[in-house]
Each structure stands twice: as structure tokens, then as C-alpha cells.
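The values are calculated or read from the model by the stated rules, or taken from the named source; none is laboratory data. This one's a predicted model, so the numbers in the text were calculated from it and none came from an experiment. Note: ideal-geometry Cβ built from the backbone for every residue, glycine included; neighbour counts use all protein chains shown. Heads up: the accessible areas ignore ligands, DNA and RNA and are worked out on the full protein's heavy atoms, side chains in. Shrake-Rupley method; radii C 1.70, N 1.55, O 1.52, S 1.80 Å.
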Amino acid sequence: MQKIRNIAVIAHVDHGKTTLVDGLLEQSGTFGSHEQHDERAMDSNDIEKERGITILSKNTAITYGDYKINIIDTPGHADFGGEVERVLKMVDGVLVLVDAYEGVMPQTKFVVKKMLALGKKPIVVINKIDKPSAEPDRVVDEMFDLFADMGATDDQQDFPVIYAAARDGMAKLDMADPDGDFKCIFDAIIEAVPEPEGDAGNNLQAQVFTLDYDNYVGKIGISRIFNGTVKKGDNVMLAKADGEMVKGRISKLIGFHGLNRMEIDQAEAGDIVAFAGMETVDVGDTVADPTNPVALDPMHIEEPTLTVVFAVNDSPLAGQEGKHVTSNKLRERLEFEMRTNVAMKLEVVGEGKFKVSGRGELQITVLAENMRREDFEFSISRPEVIVKEIEGVKCEPYEHLVIDVPEDLSGTVIERLGKRKAEMKSMLPMGQGFQRIEFEIPARALIGFRGQFLTDTKGEGVMNHSFLEFRPYSGGVESRSYGALISMTAGSTLAFSLFSIQDRGVLYIGVQTEVYEGMIVGEHSRQNDLVVNPIKGKAQSNVRSSGADEAIKLIPPRDMSLERALEWIEDDELLEVTPKNIRIRKKFLTEAERKRNSRKGK
Ligand SMILES: Nc1nc2c(ncn2[C@@H]2O[C@H](COP(=O)(O)OP(=O)(O)OP(=O)(O)O)[C@@H](O)[C@H]2O)c(=O)[nH]1
Ligand SMILES: [Mg+2]
């Protein structure tokens with residue numbers, strides 16, 4: 001049997017997981033010397049590349065000496081935390097990265113807790129020690145405390161520590177040692193991570209932890225083989241989570257090496273491979289022996305905490321920019337997403353209206369962003385947290401929030417968060433005039449907070465949060481403090497009118513932008529909504545004031561990204577998403593309709 005080690009790389013967002021995996025591929029000689037590859041090669045899809053974050057966990061394999069090391073790179077953003085939990089079941093050990101300055105962050109806690117609970121063997125990598133602000137000793141202490149607090153076993157608490165600058169391909173076992181390469185990481189993996197259990201001679205048992213889709217072969221299940229041997233063409237039994245047994249055949253067996261996937265003929269217990277040929281395969285299913293199928297423990301799939309409604313675009317500009325605009329197309333696309341994305345759920349809630357649930361705004365934004373690139377056009381509503389009843393008590397999701405803010409601004413931020421029902425848990429000086437403050441806060445109160453936070457901290461604050469648990473409903477929380485500037489009419493915006501409107505707040509659009517009645521053109525500097533006319537030209541007069549037009553100085557409009565806009569909108573507002581534009585609008589476009597409906601609401 002082949003010598004195998006299975007590991008996952010886990011950490012808070014941006015602590016350097018994908019960069020480390022690059023180095024592991026490189027230094028194991030898995031990238032051929034002639035092979036061209038991008039930085040952070042595992043972040044392979046467009047949105048991952050653009051944003052520099054990992055969205056989907058991905059696996060690769062390298063050869064080191066006579067070992068095969070299967071490595072799963074995981075996303076660090078809290079919205080994709082569910083992926084990490086599933087991945088952890090598939091491996092025997094983990095590399096836990098932590099930034100040598102930032103130290104333990106919300107998602108570090110989340111992944112360490114899950115990893116410890118599943119009994120995995122950790123290797124701690126203190127990364128980015130090249131940073132001038134790095135404090136590796138402090139961060140090692142933080143990790144020891146975290147492990148102890150979270151109930152690590154003696155064996156887990158006794159973790160090896162590696163100091164690294166992943167970006168430079170540098171690592172060492174002691175800060176006092178001269179800089180070395182990743183050999184110490186490979187050696188630690190081989191020594192500390194237990195070899196996979198299971199026997200190639202037993203009946204087949206493999207569990208699917210990720211789904212992929214290929215236009216030629218259909219659904220693909222990426223799986224860890226826990227027992228037995230599997231060959232291309234084998235008949236198998238698919239043991240589903242609900243106990244149902246479905247017969248299937250492995251039409252293709254796919255192996256991983258570096259950035260490549262290749263067809264293989266056979267794989268054995270301990271390995272990670274992909275199966276094609278079973279259209280009904282789902283995450284958590286056991287691929288088992290056809291005559292004696294024994295299912296593995298089902299996989300816990302994290303429940304969604306947030307929903308938004310996707311709907312057919314019915315704005316006056318609908319159908320002009322997108323190719324796929326109908327309810328049927330929208331439904332098909334969303335259903336397709338649900339086939340591989342187990343963290344999301346879909347429910348039809350009305351004619352052309354689809355409730356999509358997920359773990360957070362980023363996850364939903366990524367779906368919307370992908371759809372607009374595929375030429376879809378649609379509207380989305382304000383995100384709402386999922387409220388559920390637990391033992392007769394109405395409960396809502398809470399988040400663990402950590403902010404780093406300049407000391408002189410912390411008062412303002414604490415006050416803001418107080419109004420949003422946040423409870424302060426700790427406050428620590430971080431050096432360079434920054435303070436780290438931790439809170440527990442209803443997820444509901446975080447919606448729309450980021451924009452406010454960035455304004456309050458002049459863009460210098462950093463905030464991070466991740467899901468904590470469901471707790472009893474906390475009642476009303478403060479929401480957006482400013483009203484909207486709403487266009488009263490349709491047309492193309494003119495500098496002259498925008499110039500006068502910009503005194504009333506912050507504009508979201510510039511000149512020569514197509515607007516319609518009920519479209520939101522900016523944020524009012526007061527609490528109420530204000531209807532404005534952004535297309536009014538200069539009044540005609542006989543006297544030509546030469547050069548007056550040039551004197552109009554417009555402040556550049558605030559760029560409302562999909563995320564920012566999604567956080568910003570209120571219940572009576574919508575985002576109109578097209579391949580070319582993101583517009584913000586009132587649900588009811590005319591003032592008369594809005595008045596009528598606000599009266600009804602009261
Ligand atoms: N200074 C310094 N920067 C690093 C180091 N390793 C990674 N980075 C940088 O940190 C940023 C994030 O790196 P990634 O590898 O994408 O981090 P990640 O943990 O995979 O991030 P997510 O997948 O989004 O959670 C990139 O800009 C890297 O270049 C390092 O050793 N030193
Ligand atoms: Mg990454």
C-alpha cells in the first residue's frame with residue numbers, strides 16, 4: 001500500500017493558506033520546472049483571483065520522498081466555514097496557520113474548535129514572520145491559550161510549531177534558527193500526522209465531501225476512501241444520508257497531482273479521489289460495496305443563517321442589459337447552484353420570487369456576481385437573518401466580532417455597537433496606537449454595519465466576525481441612520497442637478513447615468529428619504545454666462561459594490577443587478593405608492 005498523509009490547511013481569512021500550498025507544491029517539485037503557474041495557483045476561479053480569497057476548498061496531492069501527501073486548501077472567510085468542517089472529516093491532520101501579527105482571530109477560533117472536536121492532529125504554523133510588526137512569541141502564547149480553552153487533548157496541546165514566511169518559501173522550527181525551506185513542514189507532516197486508518201482489503205467505503213460539475217461527465221463527487229479498493233468501471237452502492245440505497249457505477253475515477261486531474265484505474269483506502277458517473281451523488285453520501293453496503297456517519301451540514309430573495313427584475317430598465325431575465329431562467333440557474341453548493345438552500349416564495357439561504361452576505365454576493373457574469377438580470381432584497389424556534393424560544397444567530405481600531409476612535413465605535421446590541425467581551429492594546437476589541441452581537445445588527453464602521457474609522461478599522469450560535473431573539477436593533485436620495489423622474493443625469501443634490505448627501509451615481517423614478521441616487525445626510533430631480537438642466541436664460549458650466553465641481557460618486565449595496569438597503573428597497581449595472585431602488589417606485597404602503601404598514 002502507498003504511504004499517504006492527508007492534511008487540511010486551515011486559518012482565518014488571509015493568513016496565507018493558499019500561499020503556503022503554493023510553496024508546498026513548488027518545493028516538493030510537483031510543479032515541473034517548465035510549468036508556468038500563477039501566484040496562489042489553487043485560487044483558480046475568476047472571483048477568487050480577483051478578490052484574492054479562497055471561496056471553495058480544493059484538494060491537491062504532492063509527492064515527497066516515498067509519501068503521497070493529499071492537501072486540502074480551505075477558505076478562511078467565515079461565510080464558507082461550513083466547507084471547512086466537512087473537509088476536516090476527510091483528513092488526519094491539519095496545518096493551522098496564524099498571522100504572526102494579527103494572532104488569533106474569529107475564524108481561527110472557529111476552525112481550531114472544530115478541528116479539536118474532531119480529534120485531528122494539529123501542526124501550528126506562525127506565518128508572515130517577515131512582517132516588521134510580527135510578534136511570533138505573543139502569537140504562540142495566544143495559540144497555546146486557545147487550544148487549552150477549547151479543550152485540546154494532551155496530544156493536541158503538544159503541537160509542533162513552525163515559523164514561516166510562506167510567501168518567501170521560508171520556514172524554521174525556532175525563531176533563532178537560520179532561515180530554512182519547507183523541509184521542516186514536510187517532515188512535520190510525515191511525523192506528526194497519523195497515517196490513514198482503513199484497509200484496502202475491506203469492503204469499499206468512501207465518503208463524498210465536495211461536489212463538482214463537468215459538462216462532459218456530469219456530477220463529480222470528491223471523496224476520501226476509508227476502506228477498500230475501487231476500480232474504474234466498478235459497480236457500487238450509494239448510501240444516502242436518509243438511508244436510501246442507490247445503485248451506481250464508477251464511469252470515471254479521477255486522481256489529483258499538483259494542479260492536474262487525471263484519469264486513474266484504481267485507488268485504495270487512505271486516498272482522496274473523485275468519482276464520476278453517479279448523477280444522484282450528494283455531499284455526505286457513502287460510496288459503498290454493492291453487495292454489502294455500510295454507510296459511514298452522516299455529515300453535519302451547517303445550517304444557513306441568512307436569506308435574501310432573488311426575483312425577476314421589474315424595473316423600468318429591465319431586460320435591456322441581461323440575456324437571461326425570465327423567472328424560468330432564474331429558477332434553473334438557482335437550482336443548478338444548489339446541485340453542488342450544499343451550504344445554500346432554495347425555496348420558491350412567489351411568482352418569480354426565490355428565497356436563497358446561505359451563511360452570509362459574501363456567499364450570496366458571490367452567487368449574484370457569478371450570475372451577472374453569465375448575463376443574468378434580477379433583483380435582490382435586503383438580507384434577513386434566519387430566526388428559528390429552539391425549545392419554544394425564538395432564537396437568532398449571534399456572531400463573534402473582533403475589531404481593530406485606532407485608540408482615539410474606539411469610543412465612537414463602541415457607542416455605535418452598543419446601539420446595535422453588541423456586548424463587549426474584551427479590549428486589548430495592539431501596538432501602533434490600535435486597540436483590539438471583541439464583541440458578541442446579533443448577526444442582524446451587523447447587516448449594514450461595515451459601511452458605517454469604515455466611515456467612522458476613516459477606513460482604518462478592520463473588522464472580522466464569524467458565527468457563534470443561535471441565542472434568544474434580542475428585539476429591535478438600530479438600522480441605517482440615513483435616508484435615501486430618490487429620483488423623481490426618468491432620464492439621464494446632468495451635472496447641473498447633481499451639483500445641487502450633492503449638498504444633500506453622498507451621491508452613488510455620476511453624470512449621464514440612466515435613472516428612473518424611484519431609483520436611489522445617493523444617501524441623504526438626514527434620517528428621512530428625500531425625492532430629488534437629478535436630470536434637471538440649467539434653466540434657459542437669454543444671458544449666456546460663459547464658463548459657468550465648467551465651474552461645476554462634482555464630488556466623485558461613492559462606488560457601491562454589490563456587497564456594499566446589499567448591506568446598505570432597507571426592507572423597502574431592492575438591488576437591481578444586471579451584467580452592466582448595480583442599481584439601488586425603492587420597491588415602490590412612485591411617491592404615491594410608497595405613501596400608500598407605508599400607511600398600510602402602520
Ligand atoms: N508578508 C507576508 N505576506 C504573506 C505571506 N504569506 C502570504 N502573504 C500574503 O497574504 C495575503 C493572503 O494570502 P493567501 O494565501 O491568499 O491567504 P489565505 O489564507 O489563502 O486566504 P483565504 O483563502 O481568503 O482565507 C496575500 O497577499 C499573500 O501574498 C508571508 O509569509 N508574508
Ligand atoms: Mg486561500
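Assorted remarks:
- Residues in the stretch 486-519 that are of a type outside the set (S, T, Y), closer than 24 Å to E361 by Cα and open to solvent by less than 30 Å² (accessible area, probe 1.4 Å): L507, I509, M519.
- Residues of the stretch 55-75 that are touching a strand residue (DSSP E or B) at 6+ places or on another chain (Cβ under 7 Å), within 12 Å of ligand 2 (Cβ to nearest atom) and modelled with pLDDT under 95: S57, K58.
- Checking the stretch 169-180 against the condition returns no match, with no residue being open to solvent by less than 10 Å² (accessible area, probe 1.4 Å), under 30 Å from A241 (Cα atoms) and not β-branched (V, I, T).
- Residues of the stretch 419-458 satisfying the condition of being open to solvent by 50 Å² or more (accessible area, probe 1.4 Å), outside any strand (DSSP E or B) and over 25 Å from C395 (Cα atoms): Q432, L454, T455, K458
- Within the stretch 156-168, the set of residues being open to solvent by 20 Å² or more (accessible area, probe 1.4 Å) and either farther than 19 Å from G16 by Cα or within 25 Å of the chain's Cα centre (by Cα) (or both) comprises Q157, D158, R167.
- Top-ranked residue in the stretch 466-485 [being part of a loop (DSSP other than H, G, I, E, B) and charged (D, E, K, R); ranked as surrounded by the fewest Cβ atoms within 10 Å (Cβ to Cβ)]: E478
- Qualifying residue in the stretch 103-111 (condition: modelled with pLDDT under 95, among the hydrophobic types (A, V, I, L, M, F, W, C) and away from ligand 1 (no atom under 16 Å from the Cβ)): no
- The residue that is least open to solvent (accessible area, probe 1.4 Å), among those in the stretch 239-298 that are assigned to a strand (DSSP E or B), among the charged types (D, E, K, R) and free of Cβ contacts under 8 Å to residues at least 40 places away in the same chain, is K252.
- A count restricted to the stretch 88-146 and to residues that are of a type outside the set (D, E), open to solvent by 30 Å² or more (accessible area, probe 1.4 Å) and more than 22 Å from Y398 (Cβ to Cβ) stands at 10.
- Among residues of the stretch 92-151 being within 20 Å of the chain's Cα centre (by Cα) and away from ligand 2 (no atom under 16 Å from the Cβ), the one that is farthest from F186 (Cα to Cα) is P106.
- Contacts under 6 angstrom Cβ, first residue in the stretch 199-223 being more than 14 Å from R261 (Cα to Cα), partner polar (S, T, N, Q) and in a loop (DSSP other than H, G, I, E, B), 6 or more apart: N203/N292
- From the options R382, R333, R416, residue that is open to solvent by 50 Å² or more (accessible area, probe 1.4 Å), in contact (Cβ under 8 Å) with a residue 40 or more places away in the chain and touching an Asp or Glu at 6+ places or on another chain (Cβ under 8 Å): R416
- When restricted to residues that are within 13 Å of ligand 1 (Cβ to nearest atom), open to solvent by 20 Å² or more (accessible area, probe 1.4 Å) and touching a helix residue (DSSP H, G or I) at 6+ places or on another chain (Cβ under 9 Å), the stretch 1-21 contains 2.
- The listed residue being surrounded by fewer than 22 Cβ atoms within 10 Å (Cβ to Cβ), modelled with pLDDT of 95 or more and out of contact with any Leu (no Cβ under 9 Å at 6 or more places or on another chain), out of E391, E374: E374
- Taking each residue of the stretch 150-177 that is in contact (Cβ under 8 Å) with a residue 24 or more places away in the chain and under 14 Å from D130 (Cα atoms) and looking for partners that are within 16 Å of ligand 2 (Cβ to nearest atom) and assigned to a strand (DSSP E or B) with beta-carbon atoms closer than 7 Å, six or more apart or interchain, yields I162/V125; A164/V125; A164/N127; A166/N127; M170/A164; A171/A164.
- Count - residues of the stretch 1-42 that are at pLDDT 95 or above, among the small types (G, A, S) and part of a loop (DSSP other than H, G, I, E, B): 2
- Of the numbered criteria (1) hydroxyl-bearing (S, T, Y); (2) within 26 Å of I69 (Cα to Cα); (3) open to solvent by less than 60 Å² (accessible area, probe 1.4 Å), the one T153 fails is (3).
- Top-ranked residue of the stretch 44-87 - restricted to ones that are open to solvent by less than 10 Å² (accessible area, probe 1.4 Å) and more than 15 Å from ligand 1 (Cβ to nearest atom), ranked as farthest from G270 (Cα to Cα): I62
- Selection status of V356, open to solvent by 40 Å² or more (accessible area, probe 1.4 Å) and touching a residue at least 40 places away in the same chain (Cβ under 8 Å): no
- Tally of residues being open to solvent by 20 Å² or more (accessible area, probe 1.4 Å) and among the hydroxyl-bearing types (S, T, Y) across the stretch 299-330: 2
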